[in-house]
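Notes follow the structure.
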Amino acid sequence: MKEEMWSILSRVDVGRVLRDEPMARHTTWRIGGPADVLVLPEEQDQIRRLMALVGERGWPWLVIGKGSNLLVRDGGIRGVVVKLADNWSAMERKETTVVAQSGRLIVSAANHAIRWGLSGLEFATGIPGSVGGAVRMNAGAHGGEIRDVLEWADLVFPDGSLIRKSNEELGFGYRTSRVAEWGALVVRAAFGLAPGDTAAMVSRVKAWTERRRQTQPLAQASAGSVFRNPVNHYAARLIEEAGLKGRRVGGAQISPVHANFIVNLGGATAGDVLALIHLAQEEVYRKFAVRLTPEVRIVGEDVETGG
């Protein structure tokens, strides 16, 4: 399959095509085995052409942005990885609406909105990753979520069709939406905002940023929060009270700063991270009878089955 994908995609206008690309270069954890093929489209027609080909051929595929909230197993990814990041990151303002392509950092979109005097997206300054990923998982921080401000999103489906979906149609829930269920790819999103006091917004964001610096391991490679918060609980508190803060496996460590972060101290493998994820799940359930569900996406194959 890999040879077929490479042979076809390298001859079609779908953007830059890379073969056997180490995913450690494309994730914020700096972890991950090779993708069979990684494609970086730069135009909407290229995205639609690529998705139509993928759908027609039945190739497995995965879309990524900046690679936050993502753990790629050490055996890598079989199929096509579509990367929408700096290659797909334009944005514009239409009165009180901000429209951004899915590869743009959501924090960048939020900061531009603040500079334009538009309020509503400030919470997103605390979210790592891209606009597309934020929409896909209904990302949230500081009491706000994407569903609070999203007007619509343009999606490309596996047949290459481009369809605009409203907030209601996207079926947002806690850290979820219908995007994955549809097997679709977010290409742009519109956020409905309101005029606001720029100075007040800047002050609020500065306070949040300072708190993150004090309470999160921002200087180390991580994927952001590893687990969703269970109902009526905080994952970080449960992990800490289970005595796991600072626990290390190989090059990975449950952060001594924030227990819901696992950091790459250097040379960590996906296996190291998965061992800590499973340890946290087992110990928290044993001590508190609470099940921790990963917030990070875990994709790819183990080394034993890769190739």
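The values are calculated or read from the model by the stated rules, or taken from the named source; none is laboratory data. Keep in mind it's a predicted model, so treat the numbers as computed, not measured. Here the Cβ positions follow ideal geometry from the backbone for every residue, glycine too, while neighbour counts run over all protein chains shown.
Worth pointing out:
- In region 101-126, the residues that are of a type in the set (Val, Ile, Thr) and without any contact (Cβ under 8 Å) to a residue 24 or more places away in the chain: VAL107
- Residues of region 211-265 that turn out to be surrounded by fewer than 20 Cβ atoms within 10 Å (Cβ to Cβ) and either on the phi > 0 side of the Ramachandran plot or touching a Gly at 6+ places or on another chain (Cβ under 6 Å) (or both), as a count: 7
- Flag if ASN69 is surrounded by fewer than 24 Cβ atoms within 10 Å (Cβ to Cβ) and either within 15 Å of ALA190 (Cα to Cα) or under 18 Å from the mean Cα position of the chain (by Cα) (or both): no
- Among the residues listed as ARG49, ARG16, ARG93, the single one being modelled with pLDDT of 95 or more, in the same structural domain as SER130 (by TED's automatic domain parsing) and more than 30 Å from ARG228 (Cβ to Cβ): ARG93
- Test: residue in region 218-231 that is in contact with a Pro (Cβ under 9 Å, 6 or more places away or on another chain), β-branched (Val, Ile, Thr) and within 21 Å of ILE64 (Cβ to Cβ): yes
- Taking the listed residues VAL107, VAL54, the one that is in contact with a Ser or Thr (Cβ under 6 Å, 6 or more places away or on another chain) and β-branched (Val, Ile, Thr) is VAL107, with no other qualifying.
- Filtered by the rule that a residue be touching a Lys or Arg at 6+ places or on another chain (Cβ under 7 Å) and within 17 Å of GLY65 (Cα to Cα), region 100-126 gives ALA100, GLN101, SER102, LEU105, GLY126.
- If you go through region 157-187 and keep only what is under 18 Å from the mean Cα position of the chain (by Cα), in a strand (DSSP E or B) and surrounded by fewer than 23 Cβ atoms within 10 Å (Cβ to Cβ), you end up with GLY173, THR176.
- Residues in region 280-301 that are surrounded by fewer than 18 Cβ atoms within 10 Å (Cβ to Cβ), assigned to a loop (DSSP other than H, G, I, E, B) and touching a residue at least 12 places away in the same chain (Cβ under 8 Å) were compared, and the one that is nearest to the chain's Cα centre (by Cα) is THR293.
- Scanning region 139-162 for residues that are under 24 Å from ARG49 (Cα atoms) and touching a helix residue (DSSP H, G or I) at 6+ places or on another chain (Cβ under 9 Å) yields a count of 10.
- Residues being within 21 Å of the chain's Cα centre (by Cα) and touching a residue at least 40 places away in the same chain (Cβ under 8 Å) - total across region 216-244: 13
- VAL98 meets the conditions (1) in contact (Cβ under 8 Å) with a residue 24 or more places away in the chain; (2) more than 24 Å from VAL39 (Cβ to Cβ); (3) surrounded by fewer than 24 Cβ atoms within 10 Å (Cβ to Cβ) in every case but one. The failed one is (3).
- Test: residue in region 125-132 that is assigned to a strand (DSSP E or B) and closer than 20 Å to SER225 by Cβ: yes
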